[in-house]
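The values are calculated or read from the model by the stated rules, or taken from the named source; none is laboratory data. What you see is a predicted model; the values in this text were computed from it and never measured. Cβ coordinates were reconstructed from backbone atoms using ideal geometry, including for glycine residues, and neighbour counts include every protein chain displayed.
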Amino acid sequence: MIRSVLRGTGSALPRNCVTNAQLAERVDTSDDWIVERTGIRQRYIAGEGETTSTLAIEAARSALEVAGVEASEIGLIILATATPDYTFPATATQVQRALGCRGGIAFDVQAVCSGFLYAMATADSMLRTGMAKKALVIGAETFSRILDWEDRTTCVLFGDGAGAVVLEAQDVAEDGPGILATRLHADGEHCDLLHVDGGPSSTGTVGKLRMKGREVFRHAVVNLAEVLGEVLADVEMGIDAVDWVVPHQANARILDATARKLGLPAERVIVTVDRHANTSAASVPLALDVAVRDGRIKPGDLVMFEAMGGGFTWGASLVRM
Ligand code: ACO
């Protein structure tokens with residue numbers, strides 16, 4: 001059967017790391033409050049010359065290198081972001097230009113923190129139907145540029161970064177590698193709970209991120225536990241079969257609460273929110289790359305990705321590495 005097989009991972013972070021203590025010099029907050037409520041200790045913030053596309057390009061190059069794939073072999077680039085360099089063209093086309101792989105398909109998807117899951121599912125469908133043979137799927141964000149740095153309830157939560165994977169359509173055995181199942185959802189009813197209050201067609205400005213944190217938290221735990229259950233039901237497996245869960249890194253308390261609800265031991269959850277904070281669409285591929293490079297996630301492992309974000313959008317995907 002034809003499956004989308006994950007050939008390599010890569011990631012990139014801005015140069016500048018900002019600790020909670022450094023943030024507390026700028027807004028009325030403290031290291032203790034941030035660590036206790038979120039688990040975040042530091043985040044990376046894009047500086048001069050660093051944008052969503054520069055981070056995406058660096059992450060893509062590193063994923064290509066690990067995969068042993070030439071940029072010229074890539075026929076599809078899907079980039080998930082809510083913070084593109086420009087309103088248009090798609091940031092994916094900037095990545096395409098920098099890599100020098102012209103003529104294939106390149107576009108962005110926008111599902112905020114679930115963006116990488118949406119992008120991977122889209123790439124999976126296109127690879128399995130033969131529209132391309134090899135794809136780059138990237139999550140890249142510079143949320144620091146849409147934060148209200150006067151609002152301590154949101155500005156402490158986010159960071160910048162990028163992660164990328166190379167997928168290849170391969171004919172594999174039933175128990176072989178690849179994306180096994182994916183479920184995606186959206187519910188526009190809650191679009192006001194987490195949104196940016198600007199845009200080209202409404203205000204003509206970029207806008208700033210606004211969030212009702214408590215309500216987002218409540219929905220996140222319920223939705224994530226449900227969608228993980230749906231994916232496991234699709235493949236007729238229990239949570240015990242899953243070697244690793246790579247969750248969207250929003251908040252350590254959301255990760256703990258979701259794991260508890262699923263009966264999942266904490267040591268099988270990859271956590272990077274302490275060092276990267278919430279990097280939106282970049283968070284899942286960034287955490288994946290960290291765990292692949294430090295040797296925890298190995299070939300043959302069953303890995304569950306999950307994310308939830310503004311919209312709301314949410315989803316999960318089960319992959320055999
Ligand atoms: N430093 C110090 N005090 C703060 C800060 C801060 N940075 N932010 C808020 N406070 C204060 C509030 O003003 C409030 O004070 P008050 O009681 O005097 O009014 C108090 O702390 C409690 O505020 P709450 O908002 O009720 O705190 P809560 O325990 O809900 O934690 C948080 C807030 C961390 C945002 C939590 O609701 C949360 O994690 N929500 C999930 C949101 C999230 O992760 N969103 C990411 C995008 S969506 C996603 O990725 C899933």
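I'd like the full set of residues that are within 16 Å of the ligand (Cβ to nearest atom), of a type outside the set (A, V, I, L, M, F, W, C) and touching a residue at least 60 places away in the same chain (Cβ under 8 Å), limited to region 107-143. The answer is 114, 115, 118, 139, 141, 142.
Within region 84-136, being closer than 19 Å to residue 71 by Cβ and β-branched (Val, Ile, Thr) holds for 91, 93, 95, 105. Could you look through region 304-321, keep only residues that are outside any loop (DSSP other than H, G, I, E, B) and farther than 17 Å from residue 226 by Cα, and pick out the one that is nearest to the ligand (Cβ to nearest atom)? So the residue we want is 319.
Yes/no matrix, rows are residues, columns are (1) surrounded by 18 or more Cβ atoms within 10 Å (Cβ to Cβ); (2) aliphatic (A, V, I, L, M); (3) more than 14 Å from the ligand (Cβ to nearest atom):
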{"residue": "229", "(1), (2), (3)": "no, no, yes"}
{"residue": "234", "(1), (2), (3)": "no, no, yes"}
{"residue": "244", "(1), (2), (3)": "yes, no, yes"}
{"residue": "249", "(1), (2), (3)": "yes, no, no"}
{"residue": "268", "(1), (2), (3)": "no, no, yes"}
{"residue": "281", "(1), (2), (3)": "yes, yes, no"}
{"residue": "284", "(1), (2), (3)": "yes, yes, no"}
{"residue": "291", "(1), (2), (3)": "yes, yes, yes"}
{"residue": "298", "(1), (2), (3)": "no, no, yes"}
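So is residue 218 surrounded by 15 or more Cβ atoms within 10 Å (Cβ to Cβ), within 16 Å of the ligand (Cβ to nearest atom) and farther than 17 Å from residue 316 by Cα or not? No; evaluated as a whole, the condition is false for this residue. Residues that are modelled with pLDDT of 95 or more and aliphatic (A, V, I, L, M) number at least 3 in the following strands (runs of 3 or more DSSP E) confined to region 92-206: 105-109, 134-142, 160-171, 178-186. Within region 182-219, the set of residues being hydroxyl-bearing (Ser, Thr, Tyr) and closer than 23 Å to residue 157 by Cα comprises just one member, 205. Applying the criterion of being in contact with a Gly (Cβ under 7 Å, 6 or more places away or on another chain) and of a type outside the set (A, V, I, L, M) to the residues of region 171-186, the residue that is surrounded by the fewest Cβ atoms within 10 Å (Cβ to Cβ) is 185. Residue count for region 71-108 under the criterion of being more than 19 Å from residue 161 (Cα to Cα) and acidic (Asp, Glu): the result is 1.
Every residue, every condition in (1) touching a Leu at 6+ places or on another chain (Cβ under 9 Å); (2) in the same structural domain as residue 277 (by TED's automatic domain parsing); (3) within 16 Å of the ligand (Cβ to nearest atom); (4) in contact (Cβ under 8 Å) with a residue 60 or more places away in the chain, yes or no:
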{"site": "8", "(1), (2), (3), (4)": "yes, no, no, yes"}
{"site": "17", "(1), (2), (3), (4)": "no, no, no, no"}
{"site": "34", "(1), (2), (3), (4)": "yes, no, yes, yes"}
{"site": "51", "(1), (2), (3), (4)": "no, no, no, yes"}
{"site": "64", "(1), (2), (3), (4)": "yes, no, no, yes"}
{"site": "68", "(1), (2), (3), (4)": "no, no, no, yes"}
{"site": "98", "(1), (2), (3), (4)": "no, no, no, no"}
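Within region 67-114, the set of residues being surrounded by fewer than 22 Cβ atoms within 10 Å (Cβ to Cβ), of a type in the set (Ser, Thr, Tyr) and within 17 Å of residue 143 (Cα to Cα) comprises 86, 87. State whether one or more residues within region 221-233 are touching an Asp or Glu at 6+ places or on another chain (Cβ under 8 Å), assigned to a loop (DSSP other than H, G, I, E, B) and within 29 Å of residue 170 (Cβ to Cβ). For region 221-233, residues touching an Asp or Glu at 6+ places or on another chain (Cβ under 8 Å), assigned to a loop (DSSP other than H, G, I, E, B) and within 29 Å of residue 170 (Cβ to Cβ): absent. Listed conditions (1) within 30 Å of residue 4 (Cα to Cα); (2) within 17 Å of the chain's Cα centre (by Cα) are all met by residue 252, apart from (1). Is it true that residue 182 is of a type in the set (Ser, Thr, Tyr) and within 29 Å of residue 303 (Cβ to Cβ)? When the stated conditions are applied, residue 182 passes them. Pairs are defined by a Cβ separation below 6 Å, a sequence spacing of at least 6 or placement on different chains, a first member in region 150-167 that is farther than 25 Å from residue 118 by Cα and not assigned by TED's automatic domain parsing to the domain that holds residue 293, and a second member that is modelled with pLDDT of 95 or more and acidic (Asp, Glu); the pairs so defined are 152/28. Within region 169-180, residues that are on the phi > 0 side of the Ramachandran plot reach partners that are of a type outside the set (A, V, I, L, M) and buried (at least 19 other Cβ atoms within 10 Å of the Cβ) with beta carbons closer than 6 Å, at six or more positions or on different chains, in the pairs 178/3; 178/4.
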